[in-house]
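A short reminder: the numbers here are calculations on the coordinates, not readings from a lab. Here the structure is a predicted model, which is why all the values come from computation and not from measurement. Note: ideal-geometry Cβ built from the backbone for every residue, glycine included; neighbour counts use all protein chains shown.
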Amino acid sequence: MRCLRRIAYVKWQDHIPDTEVLQICSISGIKACLVSAQLRWTGHVIRMSKNRLPKQAFYSQLEHSTRYRGGQRKRYKDMLKHNMKACSINPKELETLAGERSSWHAMCKASVQQFESERVAKLKKRSLCKAAGSWHQQLAVLLVSRMAASVLLIFLSTHTAELIHNRRSVVLTAQSITCKWISK
């Protein structure tokens, strides 16, 4: 990322996240590149003839092996299945989908782009939640929500006597209303 920041003339003092630097450079993230390469290679191996060694290794399984402490290590097939699910590709239809090269290539490209956009959206949402979690913003939300709750409580207490007993629910409702208002 340091090299991309240098190419795009983005300094670390600008506090621009990596996702925006990647968008400036019109490049997808490393995870998307790895998933794309894995899907391309898998399609290539599936279309190979049965006597080729990569295809035999892809479909083979070990008969005798030892178990590792703390769980089994991930195999290529396990990560492939995980990445296919992340890209919204059904792993059970792998052979039929990869059989036709041009449609497999187009589907892989579209799925990886969708995967990358979902990943970027998730990261942006996380950064917004992190930014809203700073102490001075939480203090402002707390003060505004307390003031709104007290104003709402005074208003409601003057109009209905029944809601005075439910003071805690009124305060919580007022806080949730103001938190939603401030987050927009």
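Brief remarks on what is shown
- The range 31-114: chymotrypsin sites (Phe, Trp or Tyr not before Pro) in DSSP coil with no more than 11 other Cβ atoms inside 10 Å: TYR68
- Using the Karplus relation 6.51 cos²θ - 1.76 cosθ + 1.60 with θ = phi - 60°, the per-residue 3J(HN,Hα) values for the range 15-32 come to 6, 9, x, 4, 4, 6, 5, 5, 5, 4, 7, 6, 10, 8, x, 5, 4, 5 Hz, with x marking Gly and Pro.
- Put a dot 7 Å past the Cα of ARG69, heading toward its Cβ, do the same for GLN113, and the two dots end up 4.9 nm apart.
- FRET efficiency for the pair SER127 and LYS31, taken as 1/(1 + (r/R0)^6) with r the Cβ-Cβ distance and R0 = 22 Å, rounds to 0.80.
- Residues SER88, SER28, SER102 arranged by fewest to most Cβ contacts within 10 Å: SER102, SER88, SER28
- Karplus-based coupling profile of the range 81-92, in residue order and whole Hz: 4, 4, 5, 5, 5, 5, 8, 6, 10, 6, x, 6, with θ = phi - 60° in 6.51 cos²θ - 1.76 cosθ + 1.60 and x standing for Gly or Pro.
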